[in-house]
Amino acid sequence: MKALVWHGKEDIRCDTVTDPEIQDPRDAIIKVTSCAICGSDLHLFHNFIPGMLPGDIMGHETMGEVVEVGSGVDGKLQKGDRIVVPFTIICGECDQCKRGNFSVCETTNRKRHLADKVFGHTTAGLFGYTHLTGGYPGGQAEYLRVPYADATHIKVPAGIPDEQLLFLSDIFPTGWQAAVQCDIEPTDTVAIWGCGPVGQMAIRSALLLGANQVIAIDCLPERLSMAEAGGATTINFETESVLERLQELTDGKGPEKCIDCVGMESHVMASLPDTLLDRAKQMVMAESDRPHVLREMIYVCRPGGIISVAGVYSGLSDMLPMGAFMNKGLTMRTGQTHVNRWTDDLLRRIEDGEIDPSFVITHTVPLEQGPEMYQVFRDKRDSCVKVVLKP
Amino acid sequence: MFHFSNIVRTKGDPKIVQGGPSLKQPADQLARALGWFSIGLGVVEFLAPRRVTETLGMEGHETLVRAFGVREILAGIMSLSVEKNAGLWARVGGDGLDAAALLSGLTPDNPKNGNIALALLMVGGIAMLDYRAAQDTKPRRPPRDARRKLYPNRSGFPKGIESVRTAARQIAAHAGQNEVKQGDERRVP
Ligand SMILES: NC(=O)c1ccc[n+]([C@@H]2O[C@H](COP(=O)([O-])OP(=O)(O)OC[C@H]3O[C@@H](n4cnc5c(N)ncnc54)[C@H](O)[C@@H]3O)[C@@H](O)[C@H]2O)c1
Ligand SMILES: [Zn+2]
Ligand SMILES: [Zn+2]
């Protein structure tokens with residue numbers, strides 16, 4: 001089959017690889033009908049998250065049709081079922097899964113000795129996302145083996161196009177969880193950093209959850225226009241002062257709730273000297289992340305407020321203002337998304353026509369063009385926001 | 001065909017049968033080569049500055065050579081990173097500094113003038129490669145004033161934004177939470 005394979009920094013190729021096989025009775029294999037490129041994939045494209053090996057198949061936003069099931073799937077899935085595959089592989093039985101903390105499932109990381117060492121404890125296995133999380137082949141391919149398939153799936157009905165359902169795999173629940181973690185109250189202003197696909201979903205989620213005002217921050221006009229279309233007031237951090245505008249929009253009090261949808265690769269700009277320093281340190285491996293957004297959020301958040309972090313951080317971040325964080329009595333909530341905790345509700349909202357997540361798609365191309373699209377998405381060329389690949 | 005990466009595959013996982021094309025351009029390879037060259041030269045300059053000054057008949061300038069070594073190493077690391085273009089331009093600038101330093105050593109009484117001339121020739125050649133690689137690896141991010149498609153109609157709410165706001169307000173009222181205050185109302189765009 002064809003698959004997008006990681007060969008090194010900025011080197012993803014569409015290779016021919018052997019088809020996946022059932023390895024365990026709880027496996028299923030799907031024929032992929034749609035998959036997408038995520039902002040998280042860019043961190044891997046840049047080799048900023050250690051643990052990729054040449055030959056790894058990329059991709060963790062995938063859906064398709066079940067073509068083979070192992071003997072242990074136990075009737076939970078049948079050949080011909082249409083499923084969206086959550087990016088977190090879950091067993092459904094461990095302590096964490098029982099609590100709905102799916103992204104920290106204790107069972108599914110098949111290389112948990114690595115994660116135990118690096119993070120102190122293992123987290124869930126993830127598709128196409130480094131050997132720290134199991135080194136599972138990803139779904140930017142024609143076929144995908146789904147481990148623990150009896151639990152790791154979201155069944156979706158026929159009659160709704162792939163484009164509306166695909167993002168149940170990751171970015172929609174991710175934006176949603178980021179907003180839920182804010183405990184939004186009807187008087188709240190929610191400020192959201194980053195208007196990439198995750199930020200766009202967070203904006204819509206914050207509105208659906210009843211925020212009074214949503215403010216979205218980015219520097220790309222096309223993404224800001226999409227944020228505005230979704231009901232946000234926007235700030236362009238290249239041309240405006242984020243601090244001043246946020247103060248203005250909140251009567252000098254600061255937003256009650258702040259969401260980071262940027263992560264470890266915050267934009268580097270001469271007018272933001274901390275980002276230059278972070279970038280330099282990152283290059284000589286003295287720091288793994290560029291946490292400019294975390295710093296800014298802690299500084300502007302209203303005392304007593306909540307900071308919700310959806311953006312991915314990989315290792316060590318320097319110079320976080322813990323003084324402000326502690327004295328202002330802020331709460332920080334984080335995490336890879338517990339996808340299946342939210343998807344029943346979100347699927348219902350899609351079916352009811354409350355939201356249609358396909359608004360974010362700007363490019364749909366055949367899988368073979370995937371390698372080019374990594375570059376287009378990374379460089380923000382052609383007003384690209386979200387790329388869907390069709391195997 | 002043999003693919004090295006297949007050795008580390010977990011048993012049963014897909015293996016590469018036939019590699020597809022790489023999008024890496026010759027300029028990327030050149031940038032890589034220059035990056036490693038920069039680091040190599042930098043290490044020599046930093047660790048053995050005396051060897052360098054002796055060869056050039058410029059004894060006494062060891063500190064300068066050391067500093068140039070550090071510069072080479074940093075530019076090299078940058079040329080190997082995602083920001084390779086900035087690294088390569090830094091190298092072009094560095095080549096200028098190298099040339100200036102060498103020229104200052106070209107004095108009538110320097111017995112090693114021949115070596116300096118040779119070194120200048122080398123710097124010139126490398127500078128051309130640096131310049132070439134920097135030109136060919138320009139970042140492809142569109143400039144800030146480039147024309148862009150905007151997406152003012154992509155709300156994502158098939159029933160319209162107002163219906164979302166109304167629904168949210170109703171839910172809030174139902175849940176008996178604090179009602180939306182008059183004062184906050186005005187901020188709803
Ligand atoms: N927690 C999870 O489970 C989860 C799931 C999916 C993605 N993510 C992470 O979410 C983040 C965003 O993903 P995406 O797909 O939207 O990526 P993206 O790269 O398309 O979007 C990031 C956006 O942030 C903007 N940005 C950069 N610096 C900024 C700054 N200082 N202030 C404001 N905006 C800034 C960029 O212009 C860009 O539009 C990534 O880190 C990704 O890894 C997390
Ligand atoms: Zn993702
Ligand atoms: Zn589990």
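Can you list the DSSP H helices in chain B whose Cα atoms extend at least 15 Å along the helix axis and whose mean Kyte-Doolittle hydropathy is -0.5 or higher? Walk me through the intermediate numbers first.
On the way: long enough: B:26-47 (32 Å, 0.89); B:62-80 (27 Å, 0.99); B:84-105 (31 Å, 0.26); B:113-136 (34 Å, 0.70); B:161-174 (20 Å, -0.02).
Going by DSSP H runs, the hits are B:26-47, B:62-80, B:84-105, B:113-136, B:161-174.
If packing is taken as the mean number of other Cβ atoms within 10 Å per residue, what is the order of B:9-21, A:225-237, highest first?
Averaged packing, sorted descending, gives the order A:225-237, B:9-21.
Which value in deg cm²/dmol, rounded to the nearest 500, describes the helix-derived mean residue ellipticity at 222 nm for chain A, given -39,500 (n - 2.57) per DSSP H run of n ≥ 4 and division by the residue count?
Dividing the helical sum by the residues of chain A leaves -8000 deg cm²/dmol.
Using a 1.4 Å probe over the heavy atoms of the protein chains, calculate the carbon and sulfur portion of the accessible area of region A:172-333 as a whole percent.
The value for region A:172-333 is 59 percent carbon and sulfur by accessible area.
Probe 1.4 Å, all protein chains in place: accessible area of A:Thr250 in Å², nearest 10?
Around 0 Å² of this residue is reachable by solvent.
Estimate the FRET efficiency between A:Val284 and A:Asp344 by the formula 1/(1 + (r/R0)^6), using the beta-carbon distance for r and 56 Å for R0, to the nearest 0.05.
Step by step, r from the Cβ atoms, then E = 0.75.
Rounded to the nearest whole Å², what accessible area per residue is found for chain B with the 1.4 Å probe?
Counting only protein heavy atoms, the per-residue value for chain B is 62 Å².
Rank B:Ile7, A:Ile29 by accessible area, highest first, at a 1.4 Å probe radius?
B:Ile7, A:Ile29
Give me a single rounded figure for A:11-23: the average over its residues of other chain Cβ atoms within 10 Å of their Cβ.
Details: counts 4, 3, 7, 3, 10, 6, 11, 8, 2, 3, 3, 1, 4.
Counting other chains' Cβ atoms within 10 Å and averaging over A:11-23 gives 5.
If each residue of separation counts as 0.36 nm, what is the full-extension length gain between A:Lys253 and A:Val365 once their alpha-carbon separation is subtracted?
Working: separation 112, 0.36 × 112 = 40.32 nm, distance 4.53 nm.
Gain on extension, A:Lys253 to A:Val365, equals 35.8 nm.
Give A:Lys386/B:Lys138; A:Lys386/B:Lys159; A:Lys9/A:Lys117; A:Lys9/B:Lys24 a once-over and call out the pairs whose C-alpha atoms are over 21 Å from each other. Mind showing how you got there, number by number?
Details: A:Lys386/B:Lys138 24 Å; A:Lys386/B:Lys159 23 Å; A:Lys9/A:Lys117 24 Å; A:Lys9/B:Lys24 10 Å.
Listed pairs above 21 Å: A:Lys386/B:Lys138; A:Lys386/B:Lys159; A:Lys9/A:Lys117.
Within 9 Å, Cβ to Cβ, of A:Lys2, how many net charges do the neighbouring residues add up to if Lys/Arg are +1 and Asp/Glu are -1?
That works out to -3.
Provide the packing ranking of A:59-68, A:43-52, i.e. peptides ordered by the mean count of other C-beta atoms within 10 Å per residue, highest first.
So the peptides A:59-68, A:43-52, ranked by packing, come out A:59-68, A:43-52.
Mind ranking A:Tyr148, B:Tyr131 by accessible surface for me, highest first, 1.4 Å probe?
Putting A:Tyr148, B:Tyr131 in descending order of accessible area: B:Tyr131, A:Tyr148.
When only Cα pairs under 8 Å and 6 or more residues apart are kept, what is the percent relative contact order across region A:69-114? Each step should come with its number before you reach the end.
Details: 31 pairs, mean separation 11.6, N = 46.
Relative contact order comes out at 25 percent.
Pairs of alpha-carbon atoms within less than 8 angstrom and 6+ residues apart define the contacts here; what relative contact order does region B:45-113 have, in percent? Please list the in-between numbers first.
On the way: 56 pairs, mean separation 20.7, N = 69.
It comes to 30 percent, rounded to a whole number.
Can you give me the accessible area per residue for region A:282-391, using a 1.4 Å probe, in Å²? Each step should come with its number before you reach the end.
Working: 4300 Å² over 110 residues.
Each residue of region A:282-391 exposes 39 Å² on average to a 1.4 Å probe.
Under a 1.4 angstrom probe, counting protein chains only, how are A:Glu296, B:Glu83, B:Glu162 ranked by accessible area, largest first?
Sorted by accessible area, descending: B:Glu162, B:Glu83, A:Glu296.
Tell me, what is the per residue accessible area of region A:1-150 in Å², probe radius 1.4 Å?
Result: 34 Å² of accessible area for each residue.
For region B:24-136, give the percent of accessible area contributed by carbon and sulfur heavy atoms, probe 1.4 Å, rounded to a whole number.
Exposed carbon and sulfur together represent 70 percent of the surface.
First select every other residue whose beta carbon is under 9 angstrom from the beta carbon of A:Arg381; then total the charges, Lys and Arg +1, Asp and Glu -1.
Here the count lands on +2.
I'd like the FRET efficiency for B:Gln29 and B:Ala173, computed as 1/(1 + (r/R0)^6) with the beta carbon distance as r and R0 of 56 Å, rounded to 0.05.
0.30
Taking 7 Å along the Cα-to-C-beta vector as the label spot, tell me the B:Leu121-B:Glu54 distance in nanometres, rounded to one decimal.
My value for the distance between the label points is 2.4 nm.
If you count only protein heavy atoms and use a 1.4 Å probe, how large is the accessible surface of A:Glu248, to the nearest 10 Å²?
Accessible surface of A:Glu248 is approximately 120 Å².
How far is helix A:171-180 tilted, in degrees, relative to the longest principal axis of the Cα atoms in chain A, given as a value from 0 to 90 rounded to the nearest 10?
That helix lies at roughly 40 degrees to the long axis.
Need one number: buried accessible surface between chains B and A, 1.4 Å probe, both sides summed, DNA, RNA and ligands left out, in Å² to 100.
What B and A bury together is about 5400 Å².
The values are calculated or read from the model by the stated rules, or taken from the named source; none is laboratory data. Quick caveat: nothing in here was measured; it's all calculated off a predicted structure. No Cβ is skipped: glycine too gets one built from the backbone with ideal geometry, and neighbour counts run over all protein chains shown. These area figures cover heavy atoms from the full protein model, side chains too; ligands, DNA and RNA do not enter into them. Shrake-Rupley method; radii C 1.70, N 1.55, O 1.52, S 1.80 Å.
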